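Asks: Handing you this structure, nothing more for now.
The values are calculated or read from the model by the stated rules, or taken from the named source; none is laboratory data. These numbers come from a predicted model, not from an experiment. Here the Cβ positions follow ideal geometry from the backbone for every residue, glycine too, while neighbour counts run over all protein chains shown.
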Amino acid sequence: MAVIYDRIALVGLGLIASSMYWAIKRGGLAGEVTGYARSAETRDIAREIGLCDRVCDDIGEAVRDADLVVLCIPVGVMGATMEQIAGSLKPGATVTDVGSVKRDVIEQVTPHVPPGVHFIAGHPLAGTEHSGPRSGFAELFDNRWCLLVPPEGADAGALAQLRSLWMGMGANVEEMDADHHDLVLAVTSHAPHLIAYTMVGVADDLRRVTDSEVIKYSAAGFRDFTRIAASDPTMWRDVFLTNKDATLEILGRFTEELFALQRAIRQGDGEHLFDYFTRTRSIRRGIIEAGQDTDAPDFGRATRK
């Protein structure tokens, strides 16, 4: 692969930024990658493991002269961070983000984008339950989707360049409207995470089942719920606060489905349960056939050393 950007700045050095750096290096996609994290401890770890070509202690220094700035931070602080870096951005630079919510991020960031700077919202649909600079790996985006949400009248060259970067990191790229993105993600990510957190909380509340039994006898279903519920609490707090309407809509529909299943179980309606489980199992098969997971145990994810 050829160099796509001379200099890329990663703001926030957690799982996504770390994985982006290793994927960029794998593909030779940038001349230099600078990095910044708010926490001095995170910056020290990044230097220790060689994450980024240059880790900066000042956010302005990190983004100065960058051709692309990637905001890899919780969605709740996107606007404040954009305001902070605006004066350090060079004309012609592109700013993007990796947040799980798009409408709110766009509304936060856009007022602070300087003239001559392009903002193209983005969201790689990839992740693990792990966080922090040590958690990244180059293959995270391979055959995963990255959704780009360009503003109306977006610069065609800036958009094509950003698309090329994500493709160079192994991702499939598609463009999507912000509101539609937020509804899709409420279905595929946000509501499932909230349900997982709830199920783990329910297990904790059932004092008739001791903590040791919950841990010792965790069957696949509960074990998989706990994997999802291990995700970063700051990120998920911000997701639910900033994608409130879409998440509440999906949770309302989920509640209706749950009531219907409760009624079927109460009434012994085996036909309804069988038909429902058959239909939903075919969706799971579709996910595997689309190459977005495998049918291997433990989500098809081997433990990495």
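Asks: With respect to Gly252, is the statement that it is at pLDDT below 90, loosely packed, with under 12 Cβ neighbours inside 10 Å and either within 25 Å of the chain's Cα centre (by Cα) or aliphatic (A, V, I, L, M) (or both) true?
Replies: no
Asks: If a residue must be of a type in the set (S, T, N, Q) and out of contact with any strand residue (DSSP E or B) (no Cβ under 8 Å at 6 or more places or on another chain), how many such residues does region 61-99 contain?
Replies: 2
Asks: Restricting to region 259-295, name every residue that is over 20 Å from Ser189 (Cβ atoms), surrounded by 12 or more Cβ atoms within 10 Å (Cβ to Cβ) and acidic (Asp, Glu).
Replies: Asp269, Asp275
Asks: If you check every pair at least six apart or on different chains, which have Cβ atoms under 8 Å apart with a residue in region 221-244 that is surrounded by 14 or more Cβ atoms within 10 Å (Cβ to Cβ) first and a residue that is among the β-branched types (Val, Ile, Thr) and not in a helix (DSSP H, G or I) second?
Replies: As it stands, the answer is Asp238/Val101; Val239/Val101; Thr242/Val101; Asn243/Val101, since those pairs meet every condition given.
Asks: Residue check, Asp53 against (1) surrounded by fewer than 18 Cβ atoms within 10 Å (Cβ to Cβ); (2) touching an Asp or Glu at 6+ places or on another chain (Cβ under 7 Å); (3) closer than 24 Å to Val77 by Cα; (4) of a type outside the set (Phe, Trp, Tyr), all met but one. Which one?
Replies: Condition not satisfied by Asp53: (3).
Asks: Within the group Phe240, Phe259, Phe225, which residue is touching a helix residue (DSSP H, G or I) at 6+ places or on another chain (Cβ under 9 Å), modelled with pLDDT of 85 or more, of a type outside the set (Val, Ile, Thr) and not assigned by TED's automatic domain parsing to the domain that holds Val101?
Replies: Phe240
Asks: Follow-up. Which of (1) over 11 Å from Ser19 (Cβ atoms); (2) touching a residue at least 60 places away in the same chain (Cβ under 8 Å); (3) part of a helix (DSSP H, G or I) does Leu159 not meet, given it meets every other one?
Replies: (2)
Asks: Filter region 162-184 for residues that are in contact with a Leu (Cβ under 8 Å, 6 or more places away or on another chain) and either within 30 Å of Leu248 (Cα to Cα) or touching a residue at least 60 places away in the same chain (Cβ under 8 Å) (or both) and give the result.
Replies: Residues satisfying the conditions are Leu162, Leu165, Gly168, Met169, Val173, Glu174, Glu175, Met176, His181.
Asks: Which of the residues spanning region 25-59 are free of Cβ contacts under 8 Å to residues at least 40 places away in the same chain and among the polar types (S, T, N, Q)?
Replies: Thr34, Ser39
Asks: Still on this model: Given the condition among the small types (Gly, Ala, Ser), in the same structural domain as Pro151 (by TED's automatic domain parsing) and not in a loop (DSSP other than H, G, I, E, B), answer yes or no: does some residue in region 90-99 qualify?
Replies: no
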